[in-house]
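K.L.:
One structure is given below, represented as structure tokens, and several questions about it will come after.
The values are calculated or read from the model by the stated rules, or taken from the named source; none is laboratory data. Note that the structure is a prediction, hence the values are computed from the model and not measured. Cβ placement follows ideal geometry from the backbone for every residue including glycine, while neighbour counts extend to all protein chains displayed. For accessibility, only protein heavy atoms count, side chains too; no ligands or nucleic acids. Shrake-Rupley method; radii C 1.70, N 1.55, O 1.52, S 1.80 Å.
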Amino acid sequence: MSPHVAVVGGGLAGLTAACDLADAGLRVTLLESRARLGGATFSFRRDGIAVDNGQHVVLRCCTEYQALLRRLGTADGIAMQDRFRMPILTPDGAAAELARSAAPAPLHLATGIARYGALSVADRLRVLRAAVALRGLDPTDPALDEQTFGDWLARHGQNDATLGALWNLIAVAALNCDAAEASLALAAMVFRTALLDRADAADIGVPRLPLEDLHVRPAEKYLLDRDAQVRTRSAVRSVERDHDRFRLLLDSEELTADAVVVAVPPDTAAKVCPSQAGFSTRQAGGLGAAPIVNVHVIYERPVTDLPFAAAVSSPVQWIFDRTDVAGVASGQYLAISLSAAHSWLDTPMPKLREVFLAELARLLPAAATTPHSRFFVTRERRATFRQGPGSGRLRPPAATGIRGLTLAGSWTATGWPDTMEGAVRSGHRAADLVTAQLAGGARS
Ligand SMILES: Cc1cc2nc3c(=O)[nH]c(=O)nc-3n(C[C@H](O)[C@H](O)[C@H](O)COP(=O)(O)OP(=O)(O)OC[C@H]3O[C@@H](n4cnc5c(N)ncnc54)[C@H](O)[C@@H]3O)c2cc1C
């Protein structure tokens, strides 16, 4: 009989690892503590419409996530831009945009920045000079992980205007962290990989389907079709080494496995794994957490033609038109995505309603005269880890101190920020390691 592998955690990392292991011919049991799979990516129904827990976006450089969708048969579920174009809304009603040209990297953005109307000509030159310097940074240099992106930007001549209208538009969304608090290593990775090194890398992809239909259910079906066991409401409390096997303790039963992939959030991973695994609660605590809040508004009539837009000089960060994805029959459903949302996380609904309806009215003139029929908020307190300085050295590799026990998750040392792409990459890495170890190969 083929070896049995338990995958603990049914988010994207665990789902990816489980798909790989099932394809490798191993017997797989996926154990998820909640009643549903998907982890940080899930959808629910509310008054007949499909709502995601938070707007998710990918870029063309997120190659492994897109490859997973192709494998699951849902690649068409992403509407990918032919060419990077970011519409920008300003409260005075003046629209701007940041776009790339057809030129090869790094010239592809030069014209876009030179024409970027949300900044003065002098500030556009400032941005171009800093972009050239940023392109020279090595994101894998550990010294970069000790500094903030904000300090680096200040040393490279950036001011409040360039921070607000350019650097933070991207840094806050990609790192769930203000530039002032973000790790320079992760920021350099994001800006180089997405914007500076390849011309098409930043093309923006927005789901056409709820996350549930995009990858959660398709991955579950993929696993069931390959005879994997998928168990929800199955929290694993601890994983113990038992001679050359593993014992997993659940609330009212025990399971044994030849290898285990632990793909749960950092604090749970530290609790569940034996201390010899080498990942401590202190490390997990150091990684911390950062919130994302989404404000959802359904207007009785359309108020914008834009599929999405970023906003400057406004508490609104990004707006997405979710009418079709959600199945809204009439009117327009807009979701405002608020990253690094510490100040909004515990703000009561009436206050959020007052602030964001007024802001939408300022940014989108038609919203000022269009009634809304629904307003609600989704709050994710621990959306990502805190991607600040020092986080790089706290992120563990897939291999632990125990052969046969591997870690996966967007918070592990993937080299990527805490994203769906990082989660998928970590799942592949953990599955490769387990497969090699079971075959008597890799030692680390
Ligand atoms: C609102 C929001 C917006 C986001 N926007 C984007 C975006 O635009 N683009 C992007 O790429 N990324 C985005 N992200 C980040 C992305 O969703 C995550 O990086 C990724 O989904 C994490 O996947 P994961 O599998 O590593 O972890 P998780 O999804 O956290 O999965 C861990 C799983 O383990 C389970 N678990 C916990 N304890 C146990 C236990 N004891 N036993 C069994 N199971 C357990 C959990 O229930 C969970 O299902 C966003 C996240 C949020 C919350």
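K.L.:
Criterion first (basic (Lys, Arg), over 18 Å from the mean Cα position of the chain (by Cα) and either within 16 Å of the ligand (Cβ to nearest atom) or at pLDDT below 95 (or both)) does Arg443 satisfy it?
P.N.:
yes
K.L.:
When both residues are 6+ apart or on different chains and their Cβ atoms are under 9 Å apart, which pairs have a first residue that lies in region 145-174 and is in contact (Cβ under 8 Å) with a residue 60 or more places away in the chain, and a second that is among the acidic types (Asp, Glu) and open to solvent by 20 Å² or more (accessible area, probe 1.4 Å)?
P.N.:
The qualifying pairs are Thr148/Glu181; Val172/Asp178.
K.L.:
Counting just the residues of region 375-394 that are assigned to a loop (DSSP other than H, G, I, E, B) and open to solvent by 20 Å² or more (accessible area, probe 1.4 Å), which one comes out nearest to the ligand (Cβ to nearest atom)?
P.N.:
Only one residue tops the list, namely Arg386.
K.L.:
Just name the residue that is most open to solvent (accessible area, probe 1.4 Å) out of those in region 39-58 that are part of a loop (DSSP other than H, G, I, E, B) and away from the ligand (no atom under 15 Å from the Cβ).
P.N.:
Asp47
K.L.:
Of these, Ala310, Ala289, Ala340, Ala335, which one is crowded, with 21+ Cβ neighbours inside 10 Å, in contact (Cβ under 8 Å) with a residue 24 or more places away in the chain, closer than 30 Å to Val262 by Cα and of a type outside the set (Val, Ile, Thr)?
P.N.:
Only one candidate passes the filter, namely Ala340.
K.L.:
Filtering region 21-38 down to residues that are assigned to a loop (DSSP other than H, G, I, E, B) and open to solvent by less than 40 Å² (accessible area, probe 1.4 Å), which residue is farthest from the ligand (Cβ to nearest atom)? Talk me through it step by step, then tell me what you get.
P.N.:
Pass one, region 21-38, residues assigned to a loop (DSSP other than H, G, I, E, B): 24-26, 32-38.
Within this subset, residues satisfying the condition of being open to solvent by less than 40 Å² (accessible area, probe 1.4 Å) are 26, 32, 37-38.
Working: Leu26: 19, Glu32: 5, Leu37: 7, Gly38: 7 Å.
Step by step, filter region 21-38, then rank; the result is Leu26.
K.L.:
Return yes when Asp76 is assigned by TED's automatic domain parsing to the domain that holds Ser238, closer than 29 Å to Arg198 by Cβ and open to solvent by 20 Å² or more (accessible area, probe 1.4 Å) and no when it is not. Talk me through it step by step, then tell me what you get.
P.N.:
On the way: assigned by TED's automatic domain parsing to the domain that holds Ser238: no; closer than 29 Å to Arg198 by Cβ: yes; open to solvent by 20 Å² or more (accessible area, probe 1.4 Å): yes.
Here the answer is no, as Asp76 does not meet what is asked.
K.L.:
Could you pull out the residue among Ala122, Ala130 that is of a type outside the set (Lys, Arg), modelled with pLDDT of 90 or more, touching a Gly at 6+ places or on another chain (Cβ under 7 Å) and over 17 Å from Leu306 (Cα atoms)?
P.N.:
It is Ala130.
K.L.:
For region 83-96, check the following and say yes or no: at least one residue is open to solvent by 40 Å² or more (accessible area, probe 1.4 Å), closer than 30 Å to Arg124 by Cα, of a type in the set (Asp, Glu) and away from the ligand (no atom under 16 Å from the Cβ).
P.N.:
The answer is yes, given that some residue of region 83-96 is open to solvent by 40 Å² or more (accessible area, probe 1.4 Å), closer than 30 Å to Arg124 by Cα, of a type in the set (Asp, Glu) and away from the ligand (no atom under 16 Å from the Cβ).
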